[in-house]
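**Student:** The structure under discussion is supplied below as structure tokens; questions concerning it will follow.
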Amino acid sequence: MAEVNLVHVTKNFGKVQAVDDFSLRINDGEFLILVGPSGCGKSTVLRSIAGLEEISSGEIYIGERMVNDVHPKDRDIAMVFQNYALYPHMNVYQNMAFSLMQRKMPKEEIDRLVSNSAKLLGINELLDRKPSQLSGGQRQRVALGRAIVRSPQVFLFDEPLSNLDAKLRIVMRAELLDLHQKLRTTSIYVTHDQVEAMTMGDRLVVMNQGRIKQVDTPQNLYDYPVNRFVAGFIGSPPMNFIECEVSTDAGSIHVRTEALDFRVPLEKAGKLDPYIGKKIVLGIRPEHILDPLAAEVEPGGETFKSMVWVVEPLGSEKFVHLRAGSTTLVVRMAPQVAVKAGESATFIARMECAYFFDGESEEVIV
């Protein structure tokens, strides 16, 4: 095991800057997740650590060793790819043992390592099968086993679950976490799925356009986003954003649109004084907009009327889409609440849970 340290790493593809001044220290034994939309540079960072991409500038350390000029096979890392990358003409045993054979390890040692890894992953009965005879989940376990037998300092995962169906992804997430708890090997995992990221990572690195937007624990990213991008990316359904103007009314601070008027709680109002008369962005999560039935349990908040646009029943809950003037909102509701598309209804915004973002920089105000 080892910590990984990236210092001012930049990667250019011609005139395109895929990674821009990326600095990050990944702790020994940590499960760190790089998350962001497609094209944000997260896979390029991973491939740079692996040595599959040559960085344009900066330094990469694995343990105490700078590995900028070290060949991928000598970096003591193991990578699990999205498409598994198994040799189709080899059986499971041969796929898992291949890197050990390349090192000319004794056969008895190879047998021991492969057998131990296969038992750990529950695939010891599949060692004689070819990849074409395996399910998607079994292939993924073989790909993991091939990485585990090498006992690397660092595991690198490049969207390893994206080819699996939804149910199997949930199972494999749990298995990966269990595996990490047993091995405690430093792991760096790339995904565009924020649910996957939230449920697996010790820390998350939220990226966009080649830059780090925020690094923190999953819960802190959810509770304390530092900018609009992170606030909108973390959470499902995503946070509602309302462009509004700050004004005063009878000594209180309000945020208004043509159809909505919310009083800002006193504990947040002071931070908005410099923005009076200016445009800002109000952010509020779907679970913080309540229907009157829920408001009886959690009193308080700002009441508003809105037209129900679309209702999405999901069994254990429902997502209700609202339209208030030009503003659209999503509300998370209990399934028993009776609302119908096309009808007007009353809702309550819990403004003590709201966020306010600068209209230009998009950084959080409060």
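The values are calculated or read from the model by the stated rules, or taken from the named source; none is laboratory data. What you are looking at is a predicted structure, and each value in this text was computed from that prediction instead of being measured. Reconstructed Cβ throughout: ideal geometry from the backbone, glycine too, with neighbour counts over all protein chains shown. Surface accessibility is based on the protein's heavy atoms, side chains included, excluding ligands, DNA and RNA. Shrake-Rupley method; radii C 1.70, N 1.55, O 1.52, S 1.80 Å.
**Student:** Restricting attention to strands (runs of 3 or more DSSP E) lying wholly within segment 295-366, give those where 3 or more residues are farther than 21 Å from Val264 by Cα and open to solvent by 40 Å² or more (accessible area, probe 1.4 Å).
**Tutor:** Where strands (runs of 3 or more DSSP E) fall fully within segment 295-366 and carry at least 3 residues being farther than 21 Å from Val264 by Cα and open to solvent by 40 Å² or more (accessible area, probe 1.4 Å), they are 302-313.
**Student:** Filter segment 131-171 for residues that are over 22 Å from Asn91 (Cα atoms), touching a Leu at 6+ places or on another chain (Cβ under 6 Å) and open to solvent by less than 10 Å² (accessible area, probe 1.4 Å) and give the result.
**Tutor:** Of everything in segment 131-171, just one residue is over 22 Å from Asn91 (Cα atoms), touching a Leu at 6+ places or on another chain (Cβ under 6 Å) and open to solvent by less than 10 Å² (accessible area, probe 1.4 Å), namely Leu156.
**Student:** List every residue pair whose Cβ atoms lie under 9 Å apart, where the two residues are 6 or more positions apart in sequence or sit on different chains, the first residue falls within segment 61-77 and is without any contact (Cβ under 8 Å) to a residue 12 or more places away in the chain and within 16 Å of Arg47 (Cβ to Cβ), and the second residue, located anywhere, is of a type outside the set (Lys, Arg) and not in a loop (DSSP other than H, G, I, E, B).
**Tutor:** Once the first residue is without any contact (Cβ under 8 Å) to a residue 12 or more places away in the chain and within 16 Å of Arg47 (Cβ to Cβ) and sits in segment 61-77, its partners that are of a type outside the set (Lys, Arg) and not in a loop (DSSP other than H, G, I, E, B) give Lys73/Ser99; Lys73/Gln102.
**Student:** Out of all the residues in segment 311-348, which are under 17 Å from Glu245 (Cα atoms) and either at pLDDT 95 or above or hydrophobic (A, V, I, L, M, F, W, C) (or both)?
**Tutor:** Within segment 311-348, Ala324, Thr327, Thr328 qualify.
**Student:** Just for segment 9-30: of the residues that are of a type in the set (S, T, N, Q) and part of a strand (DSSP E or B), which one is least open to solvent (accessible area, probe 1.4 Å)? So that I can check it myself, show each step before the final result.
**Tutor:** Kept after step one, since they are of a type in the set (S, T, N, Q), are these residues of segment 9-30: 10, 12, 17, 23, 27.
Filter once more, so that each one left must be part of a strand (DSSP E or B): 10, 12, 17, 23.
Working: Thr10: 18, Asn12: 60, Gln17: 87, Ser23: 51 Å².
If we take residues in segment 9-30 being of a type in the set (S, T, N, Q) and part of a strand (DSSP E or B), then Thr10 is least open to solvent (accessible area, probe 1.4 Å).
**Student:** Another question, if that's okay. How many residues does segment 98-120 hold that are open to solvent by 20 Å² or more (accessible area, probe 1.4 Å) and in contact with a Leu (Cβ under 9 Å, 6 or more places away or on another chain)?
**Tutor:** Residues of segment 98-120 that are open to solvent by 20 Å² or more (accessible area, probe 1.4 Å), as a first pass: 98-99, 101-109, 111-113, 115-116, 119-120.
Filter again for in contact with a Leu (Cβ under 9 Å, 6 or more places away or on another chain), leaving 105, 109, 113, 115, 120.
So the answer is 5.
**Student:** In addition: Which residues, counting only those in segment 152-168, are hydrophobic (A, V, I, L, M, F, W, C) and either in contact (Cβ under 8 Å) with a residue 60 or more places away in the chain or part of a helix (DSSP H, G or I) (or both)?
**Tutor:** Val154, Phe155, Leu156, Phe157, Ala166, Leu168
**Student:** Something else about it: Could you run through segment 6-47 and say how many residues are of a type in the set (Phe, Trp, Tyr) and over 21 Å from Phe233 (Cβ atoms)? Talk me through it step by step, then tell me what you get.
**Tutor:** First, the residues of segment 6-47 that are of a type in the set (Phe, Trp, Tyr): 13, 22, 31.
Subsequent filtering for residues that are over 21 Å from Phe233 (Cβ atoms) retains 13.
Adding up the residues that qualify gives 1.
**Student:** Turning to a different aspect of this structure: Collect the residues in segment 193-227 that are of a type in the set (D, E, K, R) and open to solvent by less than 60 Å² (accessible area, probe 1.4 Å), keeping them in residue-number order. Don't jump to the end; show me each part of the working.
**Tutor:** Going residue by residue through segment 193-227, those that are of a type in the set (D, E, K, R) are 193, 196, 202-203, 211, 213, 216, 223.
Within segment 193-227, Asp193, Glu196, Arg203, Asp216, Asp223 meet the criteria.
**Student:** Here is a list of conditions, (1) within 27 Å of Arg169 (Cα to Cα); (2) in contact with a Ser or Thr (Cβ under 9 Å, 6 or more places away or on another chain); (3) modelled with pLDDT of 95 or more, and Ile60 meets all of them except one; can you say which number that is?
**Tutor:** (1)
**Student:** In segment 142-197, how many residues are more than 19 Å from Leu52 (Cβ to Cβ) and of a type in the set (Gly, Ala, Ser)?
**Tutor:** Adding up the residues that qualify gives 5.
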